[in-house]
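Contents: one structure, followed by commentary.
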Amino acid sequence: MILITGATGTVGRLVLGNLPADQPVRVLTRNAPRFPAHGPTEVAQGDYADPASLERALRGVRSALLVTSRIGGDDDRRFLEAARDAGVRHIVKLSAAAVQDPDADDLITRWQRTNEDLLRTDGPAWTLLRPRSFMSNTLSWAPAIRSAGVVRALYGDSPNACVDPRDIADVAVRALTEAGHEGQAYTLTGPEPITAAQQTRRLAQVLGIRLRFEELTPEQAGAHWLRRHPGEVAEALLHSARRQKAGAKAQVDPTLPRLTGRPARSFTDWATDHAPAFAVPRTADTPPATPATSARTARE
């Protein structure tokens with residue numbers, strides 16, 4: 001039995017969908033009645049803060065995908081204690097590439113390092129997945145693209161070797177179902193470093209529309225994040241953006257192609273497959289732009 005946590009999230013739902021059809025799977029979710037179980041999937045209602053629900057969810061589980069998101073919380077510790085008591089043999093943990101950067105000392109990265117240390121010292125056999133930023137983060141641009149044909153981001157010329165979540169999920173499935181991944185930490189990146197301005201140009205080409213890129217100031221970006229996150233988290237995001245501007249996230253790692261036997265998906269691949277999510281309406285007086293025009297406009 002494999003247990004999937006975070007099964008409604010970006011990576012967890014892809015892992016669940018890509019596991020072999022005959023693989024017994026259980027999902028830990030807070031909202032069991034809303035979860036669309038299918039095939040051999042069991043649904044266990046529970047929460048990291050509820051030890052009894054963790055005990056029920058982990059009963060008979062051999063391997064688990066561990067995804068936590070409550071920054072600064074102790075969900076990992078609670079899960080690992082329950083997993084150890086239940087006899088779970090292997091945990092695949094979704095972490096982040098930033099943990100390897102000694103200059104990354106923000107709240108989010110410190111929390112991720114602490115969770116990795118807990119798993120290595122107090123957990124069963126482990127595999128760490130350390131992805132760069134998700135290409136799917138650009139979905140947050142969709143409302144402004146639809147309403148104004150604009151992308152707004154901080155440090156538009158700073159590169160990030162961002163990764164397609166589908167590639168992360170492919171590696172997670174291998175780690176959960178194959179032998180030989182125990183004790184490994186995998187840094188997962190896309191095939192190239194790419195900037196927000198370049199992503200805007202590629203989206204324009206894929207969508208066949210004109211897009212404009214507007215660079216936010218640190219003050220504007222900070223104010224935007226403060227509307228969505230606590231102050232320490234907003235400051236952590238600003239710290240991360242400054243590291244990216246300094247080139248800390250530009251390195252391409254060969255691990256993903258080595259594990260999957262194919263190249264990592266590019267941002268153009270991701271954008272092409274997710275173009276409907278941006279759902280740009282067409283009108284008679286706004287003809288589609290050629291790719292060259294889109295690229296020039298996006299660059300202005």
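No value in this document is a laboratory result; all are computed from the given coordinates. Since the structure is predicted, the reported quantities are computational estimates derived from the model, not experimental observations. Positions of Cβ are generated from backbone atoms using ideal geometry, with glycine treated the same way; all protein chains shown enter the neighbour counts.
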Which one, Ala97, Gly9, His274, is farthest towards the positive end of the dipole of the chain when Lys and Arg carry +1 and Asp and Glu -1 on their Cβ?
His274
Which net charge results when you count Lys and Arg as +1 and Asp and Glu as -1 among the other residues whose beta-carbon is under 13 Å from that of Arg262?
0
Taking +1 at the Cβ of each Lys and Arg and -1 at the Cβ of each Asp and Glu, which of Ala264, Pro218, Leu188 sits farthest along the dipole of the chain towards its positive end, judged by Cα position relative to the Cα centre?
Ala264
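Kindly give the semi-axes, whole Å and largest first, of the ellipsoid equivalent to the chain, taking each as the square root of 5 times a Cα gyration tensor eigenvalue. It would help to have the intermediate numbers written out before the result.
On the way: eigenvalues 249, 92, 68 Å².
Rounded to whole Å, the semi-axes are 35, 21, 18.
What size of dipole, in debye to the nearest 20, comes out for the chain about its Cα centre when the only charges are +1 on Lys and Arg C-beta atoms and -1 on Asp and Glu C-beta atoms? Can you show the working numbers first?
Working: 38 positive and 34 negative charges, 138 e Å.
Computed charge dipole of the chain: roughly 660 debye.
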Determine the principal axes of the Cα atoms in the stretch 148-237, then give the extent along each, sorted from largest to smallest and rounded to whole angstroms.
49, 38, 19
Amide H to amide H under 5 Å from Val43: which residues, 5+ apart in sequence or cross-chain, H placed 1.01 Å off N in plane?
Val27
Electrostatic dipole magnitude of the stretch 1-159 [Cβ: Lys, Arg +1; Asp, Glu -1; Cα centre; debye, to 20]:
460
